[in-house]
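Below is one structure, written out as structure tokens; the observations come after it.
The values are calculated or read from the model by the stated rules, or taken from the named source; none is laboratory data. This is a predicted model, so every value here is computed, not measured. Positions of Cβ are generated from backbone atoms using ideal geometry, with glycine treated the same way; all protein chains shown enter the neighbour counts. Accessible surface areas use protein heavy atoms only, side chains included; no ligands, DNA or RNA. Shrake-Rupley method; radii C 1.70, N 1.55, O 1.52, S 1.80 Å.
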Amino acid sequence: MKKSKRNGLCCGAGGVQMFKEAEPGDKEINIERTEQALETNPDIIAAGCPFCNTMMTDSIKNKEKEADIPMMDIAEMIAAAKDL
């Protein structure tokens, strides 16, 4: 993703965006972050943070991609891999 590692971008929930109305601007931060993830043409989007899971799930739905790209917790991915 464009913004990763040292230049990582929060989904917005860490800044309490999850619990309040959107602020004025071009776009909500979780939409921006999801767009960055979608640019990589992922099969799955995964996060280890429950807030990121909620924010990204909402954004994936906003982009009407929920049928194409699942949002998973990293623990879910590990559990699924165990069954392979």
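For the range 1-43: of the residues being exposed (fewer than 12 other Cβ atoms within 10 Å of the Cβ) and closer than 22 Å to Ala75 by Cα, which is farthest from the chain's Cα centre (by Cα)? Only one residue tops the list, namely Lys5. Here Glu66 qualifies as open to solvent by 50 Å² or more (accessible area, probe 1.4 Å) and either closer than 10 Å to Cys11 by Cβ or free of Cβ contacts under 8 Å to residues at least 40 places away in the same chain (or both).
In the range 1-50, how many are in contact (Cβ under 8 Å) with a residue 12 or more places away in the chain and among the small types (Gly, Ala, Ser)?
In the first step, residues of the range 1-50 are kept if they are in contact (Cβ under 8 Å) with a residue 12 or more places away in the chain; the result is 1-3, 9-15, 17-18, 28-40, 42-50.
Subset that is among the small types (Gly, Ala, Ser): 12-15, 37, 46-48.
Residues meeting the conditions: 8.
Return yes when Ala22 is more than 21 Å from Lys65 (Cα to Cα) and of a type in the set (A, V, I, L, M, F, W, C) and no when it is not. Criteria met by Ala22. On inspection, Ile60 qualifies as modelled with pLDDT of 90 or more, in a helix (DSSP H, G or I) and surrounded by 14 or more Cβ atoms within 10 Å (Cβ to Cβ).
So which residues in the range 40-80 are of a type in the set (Ser, Thr, Tyr) and either in contact with a His (Cβ under 8 Å, 6 or more places away or on another chain) or under 17 Å from Lys3 (Cβ atoms) (or both), if there are any at all?
At the first step, the residues of the range 40-80 found to be of a type in the set (Ser, Thr, Tyr) are 40, 54, 57, 59.
Thr40, Ser59 - these are the residues of the range 40-80 that are of a type in the set (Ser, Thr, Tyr) and either in contact with a His (Cβ under 8 Å, 6 or more places away or on another chain) or under 17 Å from Lys3 (Cβ atoms) (or both).
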